[in-house]
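Heads up, the thing below is written out as structure tokens.
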Amino acid sequence: MAIRETQIVYSWESAFKTHVVESRDAIVVLDNVAKDTDPSPLILVFTDEDCESHDRRDFYRQVMINQVRASLLCDLHAHNLGPSYEATPDTLLMKTTDKVFQFLGRKRQKSLCRLVRENVFRRIYEHWKDRQSGINLDYDRLRISWSVPGEKDDFLDWLEDRRTSFDATRPPAEGPTLFDDIESTSGA
């Protein structure tokens, strides 16, 4: 997403263009943009590469985090006591983006998964690990189970509270995996 003169323009990745058989590289999604126009409701998926301004990257990451948080809240409000709720960054991002996430390139998918895992899931786990035993994080799988209504209410009150902040800075990059090395050598 970019602003060009008075327009907000959305650019597609090549995989998405191929999938939908689109010849254009971008489309105008909003015209007559003013300085006070808030573009955040238009953002479906954000990665660092989408933002031309280094100073605005944290803002756009925060928009993505807020969308993931809202999606997680919807899931958890509907979740009953007893059984465990499980989410991974991939599944939550697919839901949050109405499945647009699957059309991103692998590098962008990995960076968004890392953002959700490190800035959302890890924040939740670190806050609740000594408060409720039913909140667990196993690398990228968040598990939440409540056995009494008070636990659910406390957790949801905290997650809904706007004072509960989630860091929007870029999480540290991960090293390459064994599979990344195999993919890069197999094409040679």
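The values are calculated or read from the model by the stated rules, or taken from the named source; none is laboratory data. All figures in this text were calculated on a predicted structure; none of them were measured in a lab. Cβ: placed from backbone, ideal geometry, glycine included. Neighbour counts: every protein chain shown.
A few notes on this one:
- Scan of the range 1-34 for residues that are under 17 Å from Thr97 (Cα atoms) and small (Gly, Ala, Ser), ordered by number: Ser11, Ala15
- Filtered residue count, the range 67-98, keeping only those that are part of a helix (DSSP H, G or I), crowded, with 18+ Cβ neighbours inside 10 Å and of a type in the set (Val, Ile, Thr): 2
- Subset of the range 147-163 [free of Cβ contacts under 8 Å to residues at least 24 places away in the same chain and under 24 Å from Gln62 (Cβ atoms)]: Asp157, Asp161, Arg162, Arg163
- The residues listed here are Arg106, Arg123; of these, the one that is modelled with pLDDT of 95 or more and surrounded by fewer than 20 Cβ atoms within 10 Å (Cβ to Cβ) is Arg123.
- Arg170 being basic (Lys, Arg), out of contact with any His (no Cβ under 8 Å at 6 or more places or on another chain) and within 30 Å of Glu22 (Cβ to Cβ): yes
- Qualifying residue in the range 48-57 (condition: more than 21 Å from Glu160 (Cβ to Cβ) and at pLDDT 90 or above): no
- Residues within the range 94-141 that are closer than 19 Å to Pro172 by Cβ and among the hydrophobic types (A, V, I, L, M, F, W, C), tallied: 8
- Residues of the range 73-99 that turn out to be hydrophobic (A, V, I, L, M, F, W, C) and touching a residue at least 60 places away in the same chain (Cβ under 8 Å), as a count: 3
- Ile144 crowded, with 16+ Cβ neighbours inside 10 Å, over 27 Å from Glu13 (Cβ atoms), aliphatic (A, V, I, L, M) and without any contact (Cβ under 8 Å) to a residue 24 or more places away in the chain: no
- Within the range 10-21, considering residues that are over 15 Å from Arg106 (Cα atoms) and within 21 Å of the chain's Cα centre (by Cα), the one modelled with the lowest pLDDT: Tyr10
- For Leu112, the conditions (1) farther than 30 Å from Val21 by Cβ; (2) buried (at least 18 other Cβ atoms within 10 Å of the Cβ); (3) touching a Ser or Thr at 6+ places or on another chain (Cβ under 7 Å) are fulfilled apart from (1).
- Test for Phe101: is it touching a helix residue (DSSP H, G or I) at 6+ places or on another chain (Cβ under 6 Å), part of a helix (DSSP H, G or I) and either crowded, with 17+ Cβ neighbours inside 10 Å or modelled with pLDDT of 95 or more (or both): yes
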